[in-house]
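Participant: Quick one: the structure is below, questions incoming.
Every number in this text was worked out from the coordinates using simple rules, so none of it is lab data. None of the values given here were measured: they were computed from a predicted structure. Counting neighbours? That spans all protein chains shown, and the Cβs are built from the backbone with ideal geometry, glycine included.
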Amino acid sequence: MKLASRVASLQPSITLSITSKAKALKQQGVDIVSFGAGEPDFDTPDVIKEAAKKALDAGFTKYTPTAGIPELKKGIVEKLKKDNGLDYKETEILVSSGAKHSCANIVLTLCDRGDDLLIPAPYWVSYPEMARLAEANPVIIPTVEENNFLLTAAELEKSITPKSRLLILNSPSNPTGMMYDKKSLEEIAQVVLKHDLYVMSDEIYEKIVFDGKEHVSIASLGNEIKERTIVVNGFSKSYSMTGWRLGYAAGPEAIIKAANRMQDHTTSGANSITQKAGVEALALNEQVMDDMRKTFQKRRDLIVKRLNEMPGVSCLNPEGAFYVFPNISGLGMDSLTLADKLLDEAQVAVVPGVAFGSDANIRMSYATSEENITEGLNRLEQFINKK
């Protein structure tokens, strides 16, 4: 059977492979401690669930406008103004079925065959595959751990060619949890403007930041860079709504309208009931999210301390999200080998860093209880001490 080249070029997801293997072992009765989850372990707040129930009872179960219902778009505009200092019109907002869908929409809208999509590494696993779907070239820009795995303006400048079209920034980052400060973003913005690039700023973890740090959107640094930036965000992480599938993009009207046309012919609008729940989420008391953030920070402190006490392992202190990305090169094996051995011999599931573009690391999510974290770390330490 001959498949389309765009599908044949896609790489299998290592993260899904490890997750699938861990689930299969669990079904066989094996006690697996998993650090693989890319979603909060908190339930969706009750007020959001109630809004969905009301929408169902009111019969709000029909098609919606592709770009989103007016009250949700209005709420997103208000959120971007309040939280990020960004002024958008409702015509500059596109609601989609999750932030991943929003990212794919933007890549497919802006990147043509042969264009270069610039991706700092470590990166979220789906970015290079989105480039391939668009028949563009994923250009990976390595960063260094000594600089917290953050892209510098100089590294960006060296990677630009006449084919460069779009730069992806993810802050706070999946998988590293590190975050760009205002000064770094200003330097990157200068390079972007100099070379007429566009930026897709993936800000899905913006509300999960620690130690009093402030999330800064590159689009907030001035009108010039705002006109070259598409901000992507969603409800999955901040509101613990991963399964609801609701995200959005905000950017120049011409780009958003073009992405809307594409969405017209792929998915149409996001789930109607989910959109009503999203309206309620945007009105949610910030205290609910602050409580979740404090819990994540406590877990982060626990896991980072323990990892840095283990021989052959070192770990940066993440500034946001709910992942650590420890360096395991001192253990004498690559990340995929270590992940397989940990699952088979210690019953601990982690994600190999090679999936994110860094084979010297593994990704561990602390979106799980302190009890699970402690048990998993005990097993990891025992595994290392037996080597």
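Participant: So which trypsin sites (Lys or Arg not before Pro) in the range 15-78 end up in coil per DSSP with only 11 or fewer other C-beta atoms within 10 Å?
Facilitator: Of the trypsin sites (Lys or Arg not before Pro), the ones in loops of the range 15-78 whose Cβ has at most 11 other Cβ atoms within 10 Å are LYS62.
Participant: Ordered by residue, what ³J(HN,Hα) values in Hz, to whole numbers, does the range 219-226 give under the Karplus form 6.51 cos²θ - 1.76 cosθ + 1.60, where θ = phi - 60° and Gly and Pro are x?
Facilitator: 5, 7, 8, x, 5, 4, 6, 4
Participant: Under 25 Å from the Cα of LYS386, which lysines turn up, not counting those fewer than eight places away in the same chain?
Facilitator: Reachable lysines: LYS21, LYS26, LYS305, LYS341.
Participant: If you don't mind, another one. Treating the beta-carbon of each Lys and Arg as +1 and of each Asp and Glu as -1, no other charges, what is the dipole magnitude of the range 209-266 about its Cα centre, to the nearest 20 debye?
Facilitator: I would put it at about 180 debye.
Participant: Let me ask something else. Give me, ordered by chain and number, the residues 5 or more places off SER314 or on other chains with an amide H under 5 Å from its own placed amide H.
Facilitator: Under 5 Å from the amide H of SER314 lie the amide H atoms of ASN327, each far enough along the sequence or on another chain.
Participant: To the nearest 0.05, how large is the calculated FRET efficiency for GLN27 and ASP264 if R₀ is 45 Å and r is the Cβ-Cβ distance?
Facilitator: 0.65
Participant: Taking 0.36 nm per residue of sequence separation and subtracting the Cα-Cα distance, how much length would be gained by fully extending the chain between LYS81 and ASP344, in nm to one decimal?
Facilitator: So the chain would gain 89.8 nm between LYS81 and ASP344.
Participant: Just from its helices, what would the mean residue ellipticity at 222 nm be for the chain, if runs of 4 or more DSSP H residues each count -39500 (n - 2.57) and the sum is divided by every residue, rounded to the nearest 500 deg cm²/dmol?
Facilitator: -12500 deg cm²/dmol
Participant: What share of Cα pairs, in percent, lie more than 31 angstrom apart in the chain?
Facilitator: Every Cα pair in the chain considered, those over 31 Å come to 37 percent.
Participant: Enumerate by residue number the chymotrypsin sites (Phe, Trp or Tyr not before Pro) in the range 220-294 meeting two conditions: DSSP loop (anything except H, G, I, E, B), and at most 10 other Cβ atoms within 10 Å of the site's Cβ.
Facilitator: Here no loop site has a sparse enough neighbourhood.
Participant: Run the simple label-point estimate for LYS89 and ASN385 please: 7 Å along Cα→C-beta, distance reported in nm.
Facilitator: 6.5 nm
Participant: Treating only the Cβ of Lys, Arg, Asp and Glu as charged (+1, +1, -1, -1), what charge dipole size does the chain show about its Cα centre? Round to the nearest 20 debye.
Facilitator: 840 debye
Participant: So which trypsin sites (Lys or Arg not before Pro) in the range 135-238 pass both tests, a DSSP loop state and at most 14 other Cβ atoms within 10 Å of the Cβ?
Facilitator: When the trypsin sites (Lys or Arg not before Pro) of the range 135-238 are filtered for loop state and at most 14 Cβ neighbours within 10 Å, LYS163, LYS213 remain.
Participant: Within a Cβ distance under 13 Å of LEU197, other residues only, what is the Lys/Arg minus Asp/Glu net charge?
Facilitator: Neighbour charge sum, excluding LEU197 itself: -2.
Participant: While we're here: Could you give the size of the charge dipole of the range 49-135 about its Cα centre, using +1 on the Cβ of each K and R and -1 on the Cβ of each D and E, expressed in debye and rounded to the nearest 20?
Facilitator: 440 debye
Participant: Hey, another quick one. How much length is gained on full extension from ASP211 to SER369, taking 0.36 nm per residue of separation minus their Cα-Cα distance?
Facilitator: Length gained between ASP211 and SER369: 54.8 nm.
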